[in-house]
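The values are calculated or read from the model by the stated rules, or taken from the named source; none is laboratory data. The structure displayed is predicted, hence computed values, not measured ones. Glycine gets a Cβ as well: all are built from the backbone with ideal geometry, and neighbour counts include every protein chain shown.
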Amino acid sequence: MTTTADPQGTPVHRDTGTSADIDTGTGYELPPPVSDPVLTEVDRGTPTGEMLRRYWHPFALASDAGSTPREVELLGEKLILYRDGRGRVGLLHARCCHRGTTLYYGRVERDGIRCCYHGWLFDHEGHTLDMPCEPEGGRHRDRHRQPWYPVVDYHGMLFTYMGPPGHRPPFPTYDVLDDPPPGHQITPNDDNIGLQDRTTPCNWFQTHENVMDPFHVFILHAAFSGNQFVPQMGALPEVSWHFTEFGVKSHQDRVLDDGRFFHRATEVLMPNVRIVASPFVDSTGKSDSVAWSVPINRTTTKIMTLLSRPAGRPLQRALHDGKRWEDLTPAEHQRFPGDYEA
């Protein structure tokens, strides 16, 4: 660095070092963050949002639908879930088609849900049944329909289709859930399931691609945080990937310390289904679970899982230093991170 003076006598500092003297790669040079909206945006009208709307998605448990309206967010849309007095489940657009009042404050009745503002009554498919402030209870009520979505109850989990009605696909079923071994029962995973439970603060594609990354199991779930599953999962696998008719599958092969050969397969059915063999290696043959990556919005995701397991057997949970994830302190979360932290 040298100092000279300009014609007015003001000192001027000049860097006389060569480019070889400059240590680059600092945070100042970091470019602005970017994302790929084609993959990450899930709202209606976006490429991925429209693609995802051609498939069925789980969004709640059957037990979440009751006589008190519940708020639901799915694919960036705000919805209201309820079960009417006749046992029918309704999933309606959150804002009343009359004046935009949220149906969260509606009253669930025998035949549907009634808006708190002017009392319009809608059934589970959005038909307007009553307009009490209009002549004859709404002589033209058939002209007004509250936006709604169809709902299917599959083994106690609620699914909906949010795409073009004319392109609604058949509801998919799975043999591991519909034809379980004797003595098994189908239950939802206890984690990340109900409407009030933990979501994951990342885009749906980030958590979905994690399924096809077997190497993070060796690092994150074993070498870094201590083995969170069973010792067999702590060995570095030989991995190969294979395209299937509906997605991609990874084969993971390990030779254990005692010389045994351990083969494991994980599969993704596009766009939203994951078939993951139990990391606790408590069964052989077909997987005992089916899970879905559920896009809440472009930055929030929930994983919803149906399990086939022996009746009465408690669910095995990943442990972090011997503790369940939700029992860790903030300092322990930092020392023993899992998928959520990563």
| request: State all residues of the range 115-153 that are at positive phi and either outside the structural domain of G163 (by TED's automatic domain parsing) or in contact (Cβ under 8 Å) with a residue 24 or more places away in the chain (or both); if no residue qualifies, say none. | output: G126
| said: Any residue that is in contact (Cβ under 8 Å) with a residue 24 or more places away in the chain and farther than 26 Å from T301 by Cβ - is there at least one of those in the range 24-44? | reply: no
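Residues are listed down the side, and each one gets a yes or a no for (1) of a type in the set (A, V, I, L, M); (2) surrounded by fewer than 18 Cβ atoms within 10 Å (Cβ to Cβ):
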| residue | (1), (2) |
| --- | --- |
| V42 | yes, no |
| G49 | no, no |
| L74 | yes, no |
| L92 | yes, no |
| Y117 | no, yes |
| W120 | no, no |
| E125 | no, yes |
| E134 | no, yes |
| message | Just checking, does the range 163-186 include any residue being in the same structural domain as R313 (by TED's automatic domain parsing), within 18 Å of the chain's Cα centre (by Cα) and either at pLDDT below 90 or more than 29 Å from L121 (Cα to Cα) (or both)? | response | no
| field | Flag for F229 being within 28 Å of D321 (Cα to Cα) and within 24 Å of the chain's Cα centre (by Cα) | value | yes
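Restricting to the range 89-139, name every residue that is in a helix (DSSP H, G or I) and hydroxyl-bearing (S, T, Y).
Y104, Y105
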| remark: Inside the range 254-267, the number of residues satisfying the requirement of being among the charged types (D, E, K, R) and surrounded by 15 or more Cβ atoms within 10 Å (Cβ to Cβ) is 3
| task | State whether one or more residues within the range 71-87 are of a type outside the set (K, R), within 19 Å of the chain's Cα centre (by Cα) and assigned to a loop (DSSP other than H, G, I, E, B). | result | yes
| query | Out of the residues in the range 95-115 that are crowded, with 19+ Cβ neighbours inside 10 Å and of a type in the set (G, A, S), which is farthest from V152 (Cα to Cα)? | reply | G106
